[in-house]
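The values are calculated or read from the model by the stated rules, or taken from the named source; none is laboratory data. None of the values given here were measured: they were computed from a predicted structure. With ideal geometry, Cβ positions are generated from the backbone for all residues, glycine too; neighbour counts draw on all protein chains shown. Please note that ligands, DNA and RNA were not included when accessible areas were found on the heavy atoms of the full protein model with its side chains. Shrake-Rupley method; radii C 1.70, N 1.55, O 1.52, S 1.80 Å.
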Amino acid sequence: MMRKILGLLILLSASCVGAASVQEQMEQNPAVKAAVEELVLANHILYDQNAVDGYGHISVRNPVNPNTFFLSRSVSPPVVKVEDIMEFDMNGNALNGDTRVAYGERFIHSGILKDRPDINSVIHGHASPVLPYGLTGTTLKPVYHMSSFLGEGAPIFEIRNVAHPNPDTDMFISSPDLGNALSKSMGLQYFVLMRGHGYATGADSIKKSVFRAIYAIQNASIQAEAMKMGQVQYLTPGEAAAAQATIEKTIGRPWQLWSERVKNKQ
Ligand code: MN
């Protein structure tokens, strides 16, 4: 009996969380406030560091409800404000009666966050240095320690393989099914290329997902330059694993720099 009552209380409190607006949740819970404010800052940093442009987006899982996530309404990353942040479920449905226009590709976030409890923040963008890899099938692999999380190479999502019945799509991840298929392509990795479109990446924190987006793009540029010069020596899987363990302990350092840059510009 007590268990039933307890279960009911948990259900009730969960539905209350879902019913409260993002603003109300921020007022009630410091962890939500911190997550939403960091999400806004991350939008500005990603634009300042050329990881996104007028398009692109970053999400964060709700720290008090693992089945929902926060993502801006449909505006460009550098102009995102706290008031723009919406809450979604793991099928990409907007919660709290929020009827504002959402990103058409929110399913990238719901697909990955649903499948990957180890990922709490997802980024999607179209940064040009990564595009050639998705186009040619040349594997994007770690050429230096900063991007060691790329491991043995980024998988490529081919939308033609999953779009039914017509393989000629508009290239957008515009449905829960396409978001789920993209997530399957990513597998257990942290970065996936999208042929003729861009990339998606993720990590357990906003800071780390931003770090990974920025350094994967730098890796793409360096790898392309190196390939013109000759045979490329990539990090071995062992080097990549060891380097990732070391470098990802230090991400607070560039984050401070990137934050101060965008704050000084405001
Ligand atoms: Mn896109």
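Things worth noting here:
- Extreme residue, nearest to ASP118 (Cα to Cα), among residues of the range 179-208 that are open to solvent by less than 50 Å² (accessible area, probe 1.4 Å) and either among the charged types (D, E, K, R) or more than 16 Å from the chain's Cα centre (by Cα) (or both): LYS208
- Checking THR138 against (1) within 15 Å of the ligand (Cβ to nearest atom); (2) surrounded by fewer than 17 Cβ atoms within 10 Å (Cβ to Cβ), the condition it does not meet: (1)
- Condition broken by ASN50, with the remaining ones in (1) in a helix (DSSP H, G or I); (2) open to solvent by 10 Å² or more (accessible area, probe 1.4 Å) satisfied: (1)
- Residue match in the range 153-166 (condition: closer than 17 Å to GLY125 by Cα and of a type in the set (Asp, Glu)): yes
- Residue in the range 58-78 that is free of Cβ contacts under 8 Å to residues at least 12 places away in the same chain, touching a helix residue (DSSP H, G or I) at 6+ places or on another chain (Cβ under 9 Å), away from the ligand (no atom under 16 Å from the Cβ) and farther than 17 Å from GLY202 by Cβ present: no
- ALA220 within 16 Å of the ligand (Cβ to nearest atom) and either among the polar types (S, T, N, Q) or open to solvent by less than 30 Å² (accessible area, probe 1.4 Å) (or both): no
- VAL82 passes every criterion in (1) in contact with a helix residue (DSSP H, G or I) (Cβ under 6 Å, 6 or more places away or on another chain); (2) within 13 Å of the ligand (Cβ to nearest atom); (3) of a type in the set (A, V, I, L, M, F, W, C); (4) open to solvent by 10 Å² or more (accessible area, probe 1.4 Å) apart from (2).
- The set of residues from the range 105-128 being within 16 Å of the ligand (Cβ to nearest atom) and open to solvent by less than 50 Å² (accessible area, probe 1.4 Å) comprises GLU105, PHE107, ILE108, HIS109, SER110, GLY111, ILE112, VAL122, ILE123, HIS124, GLY125, ALA127.
- The selection criterion, being touching a Gly at 6+ places or on another chain (Cβ under 9 Å), more than 16 Å from the ligand (Cβ to nearest atom) and either under 17 Å from ASN62 (Cβ atoms) or not aliphatic (A, V, I, L, M) (or both), does not hold for ARG100.
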